[in-house]
1. Please get the size of the charge dipole for the chain, origin at its Cα centre, with Cβ charges of +1 on Lys and Arg and -1 on Asp and Glu, quoted in debye to the nearest 20.
2. If you look at just the Cα atoms of region 3-68, how large are its Rg and its Dmax in Å?
3. For K122, give me every one of the lysines with a C-alpha distance below 26 angstrom, ignoring sequence neighbours fewer than eight places off in its own chain.
4. Between E24 and D61, what FRET efficiency follows from the Cβ-Cβ distance if R0 is 22 Å, with the result rounded to 0.05?
5. Kindly provide the helix-only [θ] at 222 nm of the chain, computed as the sum of -39,500 (n - 2.57) over DSSP H runs of four or more divided by all residues, to the nearest 500 deg cm²/dmol?
6. If you put +1 on each Lys and Arg Cβ and -1 on each Asp and Glu Cβ, how big is the dipole of region 74-122 around its Cα centre, in Debye rounded to 20?
7. Once you treat every alpha carbon in the chain as an equal point and sum by Debye, what is log10 I(q)/I(0) at q = 0.10, 0.12, 0.18, 0.19 Å⁻¹?
8. Which of rounded, prolate, oblate describes region 74-122, given a ≥ b ≥ c as roots of the alpha-carbon gyration tensor eigenvalues and a/c under 1.5 marking rounded, otherwise prolate only if a/b is larger than b/c?
Amino acid sequence: MSLKGTYAYSVDMAQKMGLGSIEERDGKLYFKGTVATQEEANKIWDAIKTIPTWSKDVIADIQARPGAAAAAAKTYTVKAGDTLSKIAKEQLGDAAAYPRIFEANRDQLSDPDKIKPGQVLKIPA
């Protein structure tokens, strides 16, 4: 199996977060780029570290954009009738960006289809 296959969860997470490049060469998997927040960078690292041999397999340069802490502070309170897609369209300009909101709120969401009025969601930059 290729390293991209072994690290499929990490690769998927990095792509959802908009990391610049992920490539496999010379028996290593290279992650390189910048994401919106340090929290997003940490989530990619957490995903990478789910594989015990990560330190032998992965070379990563994952940065957070300057000023990311301020951008990460944006929140949205769920109203009746809201969906993550609707919130993503309103807050991020793209309904298809709902996985970014879901990933930013994994601490309180286990299913993107199960949000409740009154929940305060973090909106990624």
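Here, each number is a calculation from the coordinates, and none is a lab measurement. What you see is a predicted model, and the numbers here were worked out from it, not measured in a lab. Note: ideal-geometry Cβ built from the backbone for every residue, glycine included; neighbour counts use all protein chains shown.
1. Here the chain has a charge dipole of around 200 debye.
2. Rg then Dmax for region 3-68, in Å: 11.0, 35.
3. The qualifying lysines are K16, K32, K43, K49, K74, K79, K86, K89, K114.
4. 0.90
5. Calculated at 222 nm, the ellipticity per residue is -9500 deg cm²/dmol.
6. Here the size comes out at about 120 debye.
7. Result of the Debye calculation: -0.34, -0.48, -0.94, -1.01.
8. Judged from the Cα gyration tensor, region 74-122 comes out rounded (a/c under 1.5).
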